[in-house]
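Written out below as C-alpha cells is the structure these notes cover.
All of the numbers you see were taken from the coordinates with simple rules; none came from a lab. Note that this is a predicted model, so its numbers are computed, not measured. Glycine also receives a Cβ, built like all others from the backbone with ideal geometry; neighbour counts cover every protein chain displayed.
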Amino acid sequence: MSERIEGHGGELALAALRAAGVREMFTLSGGHVFPLYDAAHKTGFPIYDVRHEQSAVFAAEAVAKLRRSPGLAVLTAGPGVTNGISGLTSALFNASPVMVIGGRAPAMRWGSGSLQELDHVPLVAPVTKHASTVFNTGEIPNAVRAALTAALTPHRGPVFLDLPLEIVFSSDEADAPTAPDVPVIEPDPDDVARAAQLIAEAQHPVIIAGSDVYASDAVAALREAAETLRVPVIANGMGRGALPPTHPLAFAKARRAALRGADVVVVIGTPLDFRLGFGDFGAAQVVHIVDAPSQRATHVQPVVSPAGDLRLILSALADYTGVRADHEDWIADLRTAEDAGKARDAQEMAADTDPIKPARVYGELRRVLAPDAVTIGDGGDFVSYAGRYLEPSVPGSWLDPGPYGCLGTGMGYAMGARVTYPDRQICVLMGDGAAGFSLMDVESLVRQQLPVVIVVGNNGIWGLEKHPMQAMYGYDVAADLQPGLRYDDVVRAMGGAGETVSKAADLGEALERAFSAGVPYLVNVLTDPADAYPRSSNLA
Ligand SMILES: Cc1ncc(C[n+]2csc(CCOP(=O)(O)OP(=O)(O)O)c2C)c(N)n1
Ligand SMILES: [Mg+2]
C-alpha cells in the first residue's frame with residue numbers, strides 16, 4: 001500500500017508541488033490562499049511576494065524558463081487571478097511550464113455573491129494547457145500532479161487550478177504524491193533520416209535554433225549535430241548562446257546573408273512566426289524540427305517536419321553517416337559577412353554622441369557583463385538594440401518577452417532570475433515606457449534582498465510607437481512620456497539606489513557602481529529621442 005499523507009488543502013497541494021521539484025512560490029497576499037502560505041511557512045518553503053500579480057506570474061515564468069522546471073505563482077481569487085492573465089498568456093506563447101494556483105470563492109454558496117466570486121476557468125482555459133477547479137480536498141495532490149505533468153509535457157506551457165475556499169481550508173488525506181512522469185515523444189525515424197539527408201546534401205544549409213532547444217536540454221545535441229553536419233547556426237530566444245559567439249559555426253550578424261543564400265533552412269524548436277518571416281525563405285527548402293506534433297506549422301509546408309524529443313532528433317542528426325556536401329566555402333562566406341557586421345556594430349557601440357545613442361549603452365554594458373550574466377529585455381526600441389548588440393555566451397541567459405511581446409515582464413523576470421541564480425549578474429534592460437508597468441516591484445526586490453541592475457533607456461517616449469506613427473501619419477498622439485524623468489529617484493525612494501547618466505563618458509563607471517551596489521540599482525540613461533531602431537515593419 002502506498003504511503004498516505006494528511007493535512008489541509010494547502011499542505012496537500014504543497015506536498016505535490018515539492019514532489020514535482022517546485023522550490024518556491026511567488027504571490028501577492030489574499031485570504032483565499034492562506035492555507036498555501038501556512039503550509040509553506042511551517043515547512044520553510046520560500047515565499048516571495050510582489051506588488052502586482054503580473055510580477056508573480058512573470059517571476060514564476062522566469063524560473064520555469066531558466067531552470068527548466070515548473071514555476072509557481074499563487075494568486076488570490078478574482079482580481080488576483082485576472083491580473084495574472086497576461087503572464088499566463090506569455091507563458092503559453094513561450095511554452096513555459098508555469099503553474100498558477102488560484103484561490104476561489106466558496107463552492108458551497110456559489111452564486112450568492114461572495115467577495116471576489118468569479119469562475120476563472122473559462123477565462124484562463126484559452127491561455128493554458130489545463131485549467132480546472134478542484135472540488136475535493138483529498139483530490140488536490142492528484143490534480144496538482146496531473147496539471148504539472150501537462151505543463152512539463154512537450155510542447156510545454158502553463159496550467160491553472162483553483163481551489164474553493166472551503167476545499168483549501170478543509171483537511172483530508174491522500175496518497176503521498178510522486179514526481180510527474182513526463183512522456184518522451186519518439187520522433188518518426190523516417191522523418192529524421194529525411195531531414196538529415198536533406199541537410200547533409202544541401203550546398204548552403206543554415207540552422208535557426210530557438211527556445212525549445214534550451215527548454216528541451218538539447219543544447220549539447222544541437223552542437224554535435226551542427227559540428228557533424230557542418231552547418232552554420234543562428235539562434236533566437238532562449239536558444240541564443242547555444243553555440244558560444246566564439247564557436248566557428250555560430251553566427252549572429254550574418255543572418256540576412258545566411259537566409260538569402262541558403263538552399264535549406266532548418267528551423268529547430270521555434271515556430272515559423274513573424275520573427276522568421278512566417279517561414280517564407282524564398283526558394284530555400286524548409287525543415288522544421290519541433291518538440292511535439294502540435295507545433296508543426298499549418299500555414300506553410302516544410303519539406304519535412306520531424307516532431308518529438310529534440311535531444312533524440314538532434315542526436316540522430318549528429319549520428320548521420322551518409323554522404324555530405326562540402327559546406328566550407330559557404331561557412332567562410334558567412335564568416336566574412338559576420339565579421340563585417342561585427343565591425344559595423346563595434347563602430348556603432350562606440351558612438352560618442354550627445355545625447356547618448358542606445359548603441360553606446362550596450363557597448364559599455366558588454367565591458368561589465370560577466371559571460372554568465374542573465375540579461376532581461378522589457379521595452380521597445382531599447383530592447384531591440386539589446387537583441388542586436390548583446391551576445392549571450394551561455395545558453396538560457398537571455399530573457400525576452402517572446403512572441404506575445406508583453407511589456408511589464410521586467411521586475412518579475414528579474415525576481416525569478418535572482419532567485420534562480422543568487423550569484424550571477426542579473427541585468428534588466430528597460431524602456432522608460434516599460435518601466436511604468438512594474439517598477440513598483442523594485443520595492444519587493446529591496447525588501448526581500450534581491451539585488452538586480454536595471455538600465456533604463458530613457459528617451460522620454462514610447463519610441464517603438466512614436467516613430468512609426470510619425471512615419472505613417474506625420475503626427476503622433478499618446479506616444480510621449482515625461483522627458484528626463486528620474487526613475488533612479490523612484491528606486492531610491494523605495495530603498496534601492498541609482499543615478500542618472502547624460503554623458504556617454506560617464507556610462508562605464510555608473511554601470512560598475514551598479515553591479516557592485518548589492519541593492520537594486522537603476523541606471524537612468526538619457527538617450528536620444530530622435531534615434532529610431534531601423535526595422536522593416538514597425539508595427540508592434
Ligand atoms: C502590455 C503592452 N502594451 C503595449 C504594447 C505596445 N508597445 C510595444 S513597444 C511599445 C513602446 C515601448 O516604449 P519604451 O518601453 O519606452 O521603449 P522605447 O521603444 O522607447 O525604447 C509599446 C507601447 C505592448 N507590446 N505591450
Ligand atoms: Mg522609451
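Starting from the coordinates of the alpha-carbon atoms of the stretch 189-334, obtain the Kirkwood hydrodynamic radius over all distinct pairs and give the value in Å to one decimal. Hydrodynamic radius (Kirkwood, Cα pairs) of the stretch 189-334 is 14.6 Å. Peptides 99-107, 499-507 ranked from most to least packed give 99-107, 499-507, packing being the mean of other C-beta atoms within 10 angstrom over each peptide's residues.
Tell me, what is the Rg over Rh of the stretch 292-342, with Rh the Kirkwood radius over Cα pairs? Working shown, then result.
Values: Rg = 16.0 Å, Rh = 14.3 Å.
Taking Rg over the Kirkwood Rh, I get 1.12.
How big is the charge dipole of the stretch 228-324 about its Cα centre, in debye rounded to the nearest 20, if each Lys and Arg gets +1 on its Cβ and each Asp and Glu gets -1 on its Cβ? Show your work: numbers first, answer last.
Values: 10 positive and 6 negative charges, 79 e Å.
Here the stretch 228-324 has a charge dipole of around 380 debye.
Gap in Å between the Cα centre of the stretch 302-331 and the Cα centre of the stretch 412-464? Here the answer is 39 Å between Cα centres. Residue farthest toward the positive end of the dipole of the chain, with Cβ of Lys/Arg at +1 and Asp/Glu at -1: which of Ile234, Leu66, Gly103? Value: Ile234. Distances between placed amide hydrogens fall under 5 Å for Leu522 paired with Ile454, Ala497, Gly498, Glu499, all partners being 5 or more residues away or on another chain. The stretch 266-294 and the stretch 110-149 have Cα centres lying 35 Å from one another. Applying the Karplus relation 6.51 cos²θ - 1.76 cosθ + 1.60 with θ = phi - 60° to the stretch 128-139 yields 3J(HN,Hα) values of 9, 7, 7, 8, 7, 9, 9, 9, 9, 4, x, 7 Hz, where x marks Gly and Pro.
In this structure, the amide hydrogen of Ile461, modeled 1.01 Å from its nitrogen in the peptide plane, lies closer than 5 angstrom to those of Leu481, counting only residues at least 5 positions away or on a different chain. Based on the alpha-carbon gyration tensor of the chain and its eigenvalue square roots a ≥ b ≥ c, which shape applies: rounded if a/c is under 1.5, prolate if not and a/b is larger than b/c, or oblate? Taking the square roots of the gyration eigenvalues as a ≥ b ≥ c, the chain is oblate. Candidates Met440, Leu429, Pro520 compared by Cα position along the dipole of the stretch 351-526: farthest toward the positive end lies Pro520, with charges placed on Cβ. Along the positive direction of the dipole of the chain (beta-carbon charges: Lys, Arg +1; Asp, Glu -1; about the Cα centre), which of Ala292, Phe26, Thr43 reaches farthest? Projecting each Cα onto the dipole axis, the largest value belongs to Phe26.
Computed 3J(HN,Hα) for the stretch 517-527, one whole-Hz value per residue from the Karplus formula 6.51 cos²θ - 1.76 cosθ + 1.60 where θ = phi - 60°, is 6, x, 9, x, 9, 10, 9, 9, 9, 7, 10, glycine and proline marked x.
Sorting check: for 302-310, 41-49, which peptide has the highest mean count of neighbouring beta carbons within 10 Å, and how do the rest follow?
Working: 302-310: 21.9, 41-49: 13.9.
The packing order, highest mean first, is 302-310, 41-49.
Percent antiparallel among DSSP beta bridges with both residues in the stretch 4-171, to the nearest 5?
Working: 1 of 22 bridges.
Around 5 percent antiparallel, to the nearest 5.
Per-residue packing, averaged as other Cβ atoms within 10 Å, sorts the ranges 480-491, 437-448, 57-68 into the order 57-68, 437-448, 480-491, beginning with the highest. Its relative contact order, with pairs defined as Cα atoms under 8 Å and 6+ residues apart, puts the chain at 13 percent. What the phi angles of the stretch 337-349 give under the Karplus curve with 6.51, -1.76 and 1.60, with θ = phi - 60°, is a coupling list of 5, 4, 5, 5, x, 5, 5, 4, 4, 4, 5, 5, 6 Hz, glycine and proline written as x.
For Gly102, the residues whose amide H sits under 5 Å from its own are Leu75, Leu161, Asp162, Leu163, ignoring neighbours fewer than 5 places away on the same chain, with H placed 1.01 Å from N. Our estimate of slack between Thr298 and Met108, defined as 0.36 nm per intervening residue step minus the Cα-Cα distance, is 63.9 nm. Of the chymotrypsin sites (Phe, Trp or Tyr not before Pro) found in the stretch 355-400, no site is in coil according to DSSP while having at most 16 other Cβ atoms within 10 Å of its Cβ. The charge dipole of the chain, taken about the Cα centre with unit charges on the Cβ atoms of Lys, Arg (+1) and Asp, Glu (-1), comes to about 400 debye, rounded to the nearest 20.
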